[in-house]
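Engineer: What follows is a single structure, and I will ask about it in a moment.
The values are calculated or read from the model by the stated rules, or taken from the named source; none is laboratory data. Predicted model only: the values in this text are computed from it and were never measured. Because the Cβ atoms are built from the backbone with ideal geometry, glycine has one as well, and the counts that use them run over all protein chains shown. Accessible surface is based on the protein model in full, side chains and every heavy atom, while ligands, DNA and RNA are left aside. Shrake-Rupley method; radii C 1.70, N 1.55, O 1.52, S 1.80 Å.
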Number of protein chains: 4
Amino acid sequence: MPMINTFGVIGGDERMKYLAQSIAADGYPVCVCGLEKLGTCRGAAECDLPQLAAKSSVILLPLPATKDGLFLNAPYAENEIRLDDDFARLFMHKTVCGGMLQRLTASSSLWREIEPEDYYRREELAVGNAIPTAEGAVGIAIREYPGTINGAKCLITGFGRIGKNLAIILRGMGAEVFCAARKKADLMQMRAFGVQPLTYREISRRFDLIFNTVPAKVLTSPVLMQQTRDTLIIELASAPGGTDLKRAEELHLHVIDAPSLPGRVAPKTAAEYIKEAVYNILEE
Amino acid sequence: MPMINTFGVIGGDERMKYLAQSIAADGYPVCVCGLEKLGTCRGAAECDLPQLAAKSSVILLPLPATKDGLFLNAPYAENEIRLDDDFARLFMHKTVCGGMLQRLTASSSLWREIEPEDYYRREELAVGNAIPTAEGAVGIAIREYPGTINGAKCLITGFGRIGKNLAIILRGMGAEVFCAARKKADLMQMRAFGVQPLTYREISRRFDLIFNTVPAKVLTSPVLMQQTRDTLIIELASAPGGTDLKRAEELHLHVIDAPSLPGRVAPKTAAEYIKEAVYNILEE
Amino acid sequence: MPMINTFGVIGGDERMKYLAQSIAADGYPVCVCGLEKLGTCRGAAECDLPQLAAKSSVILLPLPATKDGLFLNAPYAENEIRLDDDFARLFMHKTVCGGMLQRLTASSSLWREIEPEDYYRREELAVGNAIPTAEGAVGIAIREYPGTINGAKCLITGFGRIGKNLAIILRGMGAEVFCAARKKADLMQMRAFGVQPLTYREISRRFDLIFNTVPAKVLTSPVLMQQTRDTLIIELASAPGGTDLKRAEELHLHVIDAPSLPGRVAPKTAAEYIKEAVYNILEE
Amino acid sequence: MPMINTFGVIGGDERMKYLAQSIAADGYPVCVCGLEKLGTCRGAAECDLPQLAAKSSVILLPLPATKDGLFLNAPYAENEIRLDDDFARLFMHKTVCGGMLQRLTASSSLWREIEPEDYYRREELAVGNAIPTAEGAVGIAIREYPGTINGAKCLITGFGRIGKNLAIILRGMGAEVFCAARKKADLMQMRAFGVQPLTYREISRRFDLIFNTVPAKVLTSPVLMQQTRDTLIIELASAPGGTDLKRAEELHLHVIDAPSLPGRVAPKTAAEYIKEAVYNILEE
């Protein structure tokens, strides 16, 4: 019989390994499955799926739970984990948490009964993930831009979570930071961050670095035409992003697509954020 | 006949003088009235009320427009300006903007027809005002706290506009900054600011400086009892504030009430923010 | 007979009171004299001079030890303390530390034998004092400048200890910071601080705030002529400072002389720095 | 005959290409040689060595000028450039600037007459290079450390140019920054940077990230034994560095050697610094 607060962690990438280890370090029993190729998980017991389901009261699925709707997202598993009624049935009457669950819940009608919780919808996780996203973007800029960030003329499009964090870091490095947004209150708020506000009509000028965080075509031809080959454009918005890629290619501009940074540059911290979101779900 | 975009500025404090001067510097005709004791306004014509009303198409009233509902808020006027139907009638068919208008509009039924715009309700003004508020609070802390801000253990209660700006400035001065908030997403966001998050249950410990921005009793007896006579509490929330003042007095704690900082510490910048809000109103 | 590490604190301002209290809090016996008007010193015993001399092995004199060479610098003493051979004789064969000792040691030939240590010459104290100096200057700027520091165009002349600390704080507040220095390496180093370097030939332009830290006439007529009445000049260099005061007056510019900020804005922290310097002297 | 201020740039890495381009963009004639594999240099004429020597009045050699004392440091040259009397003779009666010249000047007795200037000895260049060094180190930390820099416990050993710049950037990213130094004044100065000072006796505790800038064995066994496998040690001091590498290996610690960062992460900016140093040499 599953014990209260025994966690079963299934599939995913390095984040799930760190997640399992961190929950175990908090003193809870943890079973893992589908992370075989990442080596042993300190403090967690390796199980097969039926064992894990039998022992665990809380099931943690990866982020995203599935990429294709057919198999669990488990690139480090020895064997593929098929999503079907048999898989879903394992988790009846359990608390199930996972990230981006739409395609998972479409894989079996049983999920309607299980009612899994989507930790990716938690605002605190979105806020948290903006931190490694901004750091990762700055890491790319340091590596790929041939000058220093210090003194570079930087444009951030969008003043949401990621834009704000980028502004803080870039200013701290001595860059000259401009930020574009639509809302008048955002343009005002930028001043407190030491950032120079621009409307989208004002961004058609030369920058050394452009960080796009807006999922709408804001880096259009007139903006791109002002840039030179030394300009580095880092695309942080989810596909198709905010850059007119066809035009950028014609102009031979350097555009780097940088999706999913939290899991790639800071899996350990990203796992901590997921853990906090899960704990908050369980408390509520 | 009034010209389009002739501004009439009436009453108020130093901000209204800077406002008149700044609008005049933008090239618009400006009449002023009720600021006599502040000396001449560069670029603006001094008028009496009827003249001003006759010449101006846009009327700018102070913030707040009135304190008592009987007279216009005009501490630097030679003569009191009574709020009644005669006063209101001057502004029929004009664009009137003022700050905190409830008691003004109650002074004559004509205001219902005039439909004055409250610039104080503009989000960009609220965001702007948080900047001099935070600066003013830090100015008080520098002057009144017997140690340096550098190295001081600071608590900010609330992570709204003022709280965030305080966090940025205090961190930049090398303080050890803690911030309390209720929302989990706010507690997460604090990390990006380099601030240590606390729930309200965790603030009962000793601090050197406490900045309250929350209009709810958060600095209760258990918190106050942890403080010493060197602790400085700066109250930034509007009356009655967030400090249990009776308890603070019993404990001989040093509490400074600091309302309305923008107009007091940075009237020139506060006027710029009002101007931008007014221009935005006129554009819309 | 005096005990090892019994401290006698004599005269001075609030700093000496905080110094006595802080040493007492470290567990050492402390006698005080000449601070009567500041009320009781927690943890320290009030004595008269002969008692203090009898009991103490380490004597701490104020900063500066004397202003006129005739009396000890003791504005909060009940009675003046005359500097003569009788006074000096009290401290024969003791460790005496004080600040700025030239005029004191000239007051009696006995001082040559006593060999008092000047803690004001310690580099760590000078470095420390630059922190409250920069904070105090910013506090003045917040209070006296009619706009916000945020967005203000600031010039710092000199990139020594105070200049660097000012640069850090002003940048953290979102000011636009320029700094003037002579050395090419300093001009380069400013970039790491996010500050725009200027040579002294380039500073003849308009600024909102000017902080002078250089004890040489750098704010000359051509610089002053570019400023307006809203410009605030804060003079931090010791008299006669770096501003052409006569010319500034002719131009009706606003100059604030701000000497001795550490003792005035942060006596508690300034006392900590003195204590550390004294402890370092005793260890060596 | 060579014209005044015609520059001949020979060999080196990407920096020399950017250097040639930047000088050309300033309006001076520039010849290049020994950079063939990096493609065309905008604004500069490709020459062979004798042509370049004939045309140029100022010769710029790479940094370092040579690695082995036998050939010029020219990894992107089509053909090796041998250092001998024939090579040196080309530059008689010209102004020659290069970096780290000891082994070059040993390659021919003619150099004694030519008296080449070592731009690498310029303090402004050393100060400048500390900026990309700090940025590059942070870029490595972002990429290699599995958590975020935000919230990470960081130790910087040494508070020289690189240490200070690291402190500024890491604080701006929300890290918890500790710094170790020997001098008491440095320990005091750290406070202004918002950094927690440690003596070398106090660093034997766990950190997430350690940046060594000191060319002396400061990361000894007792320090290393406190670290875990997640700790990342970045070695910035020139070989043999400050880490007990044998002990670190026994403990399976993750040490990254990161020499010569300016040329690798920011060749364009590094070239600007060299250009400024060269211009300063020519002016003096």
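Engineer: Which condition does D:E78 not pass, out of (1) in contact with a Leu (Cβ under 8 Å, 6 or more places away or on another chain); (2) in a loop (DSSP other than H, G, I, E, B); (3) of a type outside the set (S, T, Y), if it passes all the others?
Structural biologist: (1)
Engineer: Continuing with the same structure: Checking C:R171 against (1) within 14 Å of chain B (Cβ to nearest Cβ); (2) open to solvent by 50 Å² or more (accessible area, probe 1.4 Å); (3) within 30 Å of D:K275 (Cα to Cα), which single condition isn't satisfied?
Structural biologist: Status for C:R171: all satisfied but (2).
Engineer: For residues that are more than 18 Å from A:G242 (Cα to Cα) and either open to solvent by 10 Å² or more (accessible area, probe 1.4 Å) or in contact with a Ser or Thr (Cβ under 6 Å, 6 or more places away or on another chain) (or both), tally how many sit in the range A:147-162.
Structural biologist: Residues flagged as more than 18 Å from A:G242 (Cα to Cα) and either open to solvent by 10 Å² or more (accessible area, probe 1.4 Å) or in contact with a Ser or Thr (Cβ under 6 Å, 6 or more places away or on another chain) (or both) within the range A:147-162 amount to 5.
Engineer: Please pick out the residue among B:G69, B:G99 that is open to solvent by less than 10 Å² (accessible area, probe 1.4 Å) and not β-branched (V, I, T).
Structural biologist: B:G99
Engineer: Can we say D:E144 is closer than 24 Å to D:V223 by Cα and open to solvent by 40 Å² or more (accessible area, probe 1.4 Å)?
Structural biologist: So D:E144 fits the description; yes.
Engineer: When the range C:102-139 is examined, which residues are found to be open to solvent by 80 Å² or more (accessible area, probe 1.4 Å), without any contact (Cβ under 8 Å) to a residue 60 or more places away in the chain and among the charged types (D, E, K, R)?
Structural biologist: C:R103, C:R112, C:E113, C:E115, C:R121, C:E123
Engineer: Which ones in the range A:40-54 are charged (D, E, K, R) and open to solvent by less than 80 Å² (accessible area, probe 1.4 Å)?
Structural biologist: Correct list: A:D48 only.
Engineer: May I pose another question? Could you tell me which of the residues A:S22, A:S57 is over 16 Å from A:P116 (Cβ atoms) and polar (S, T, N, Q)?
Structural biologist: A:S22
Engineer: Restricting the first residue to the range D:229-243 and requiring it to be in the same structural domain as D:L253 (by TED's automatic domain parsing), which pairs with a second residue that is of a type in the set (K, R) meet a Cβ separation below 9 Å and a spacing of at least six or different chains?
Structural biologist: Pairs that qualify, where the first residue is in the same structural domain as D:L253 (by TED's automatic domain parsing) and the partner is of a type in the set (K, R), are D:D230/A:K268; D:T231/D:R206; D:P240/D:K217; D:G241/D:K217; D:G242/D:K217; D:T243/D:K217.
Engineer: Taking into account only those residues within the range C:7-28 that are assigned to a loop (DSSP other than H, G, I, E, B) and out of contact with any strand residue (DSSP E or B) (no Cβ under 7 Å at 6 or more places or on another chain), which is surrounded by the fewest Cβ atoms within 10 Å (Cβ to Cβ)?
Structural biologist: C:G27
Engineer: With (1) in the same structural domain as A:T213 (by TED's automatic domain parsing); (2) part of a loop (DSSP other than H, G, I, E, B) as the list, and A:A134 as the residue in question, which single condition is left unmet?
Structural biologist: (2)
Engineer: May I ask you to list the residues in the range D:171-227 that are among the acidic types (D, E) and over 22 Å from A:G174 (Cβ atoms)? First the steps, then the outcome.
Structural biologist: Of all residues in the range D:171-227, those among the acidic types (D, E) come to D:176, D:186, D:202, D:208.
Scanning the range D:171-227 gives D:E202, D:D208.
Engineer: Looking at A:N165, is it free of Cβ contacts under 8 Å to residues at least 40 places away in the same chain and either assigned to a helix (DSSP H, G or I) or surrounded by fewer than 24 Cβ atoms within 10 Å (Cβ to Cβ) (or both)?
Structural biologist: The answer is yes for A:N165.
Engineer: Please indicate, with yes or no, whether at least one residue in the range D:134-153 is of a type in the set (S, T, N, Q) and facing chain A (nearest Cβ under 7 Å).
Structural biologist: Scanning the range D:134-153 turns up at least one residue that is of a type in the set (S, T, N, Q) and facing chain A (nearest Cβ under 7 Å).
Engineer: Among the residues of the range B:59-75, count how many are touching a Pro at 6+ places or on another chain (Cβ under 9 Å) and either not in a loop (DSSP other than H, G, I, E, B) or not assigned by TED's automatic domain parsing to the domain that holds B:L104 (or both).
Structural biologist: Qualifying residue count for the region: 2.
Engineer: In addition: Just to be sure, is A:K37 under 23 Å from A:K268 (Cβ atoms), of a type in the set (K, R) and open to solvent by 30 Å² or more (accessible area, probe 1.4 Å)?
Structural biologist: Judged against the criteria, A:K37 is a match.
Engineer: Would you check if D:R82 is at pLDDT 95 or above and charged (D, E, K, R)? If you could, list the steps in order and put the result at the bottom.
Structural biologist: Values: at pLDDT 95 or above: yes; charged (D, E, K, R): yes.
Spelling it out, D:R82 is indeed at pLDDT 95 or above and charged (D, E, K, R).
For every residue, the table says whether it meets (1) touching an Asp or Glu at 6+ places or on another chain (Cβ under 8 Å); (2) assigned by TED's automatic domain parsing to the domain that holds B:L70.
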{"site": "B:D86", "(1), (2)": "no, yes"}
{"site": "B:F91", "(1), (2)": "no, yes"}
{"site": "B:K94", "(1), (2)": "no, yes"}
{"site": "B:M100", "(1), (2)": "yes, yes"}
{"site": "B:S107", "(1), (2)": "yes, yes"}
{"site": "B:V138", "(1), (2)": "no, no"}
{"site": "B:Y145", "(1), (2)": "yes, no"}
{"site": "B:T157", "(1), (2)": "no, no"}
{"site": "B:R161", "(1), (2)": "no, no"}
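Engineer: What are the residues in the range A:81-113 that are part of a loop (DSSP other than H, G, I, E, B), under 24 Å from A:P267 (Cβ atoms) and in contact with a Pro (Cβ under 9 Å, 6 or more places away or on another chain), if any? If you could, list the steps in order and put the result at the bottom.
Structural biologist: We begin by selecting, within the range A:81-113, every residue part of a loop (DSSP other than H, G, I, E, B); these are A:81, A:83-84, A:90-94, A:99-101, A:106-110.
Next, only the ones that are under 24 Å from A:P267 (Cβ atoms) stay: A:81, A:83, A:99-101.
Of everything in the range A:81-113, those that are part of a loop (DSSP other than H, G, I, E, B), under 24 Å from A:P267 (Cβ atoms) and in contact with a Pro (Cβ under 9 Å, 6 or more places away or on another chain) turn out to be A:G99, A:M100, A:L101.
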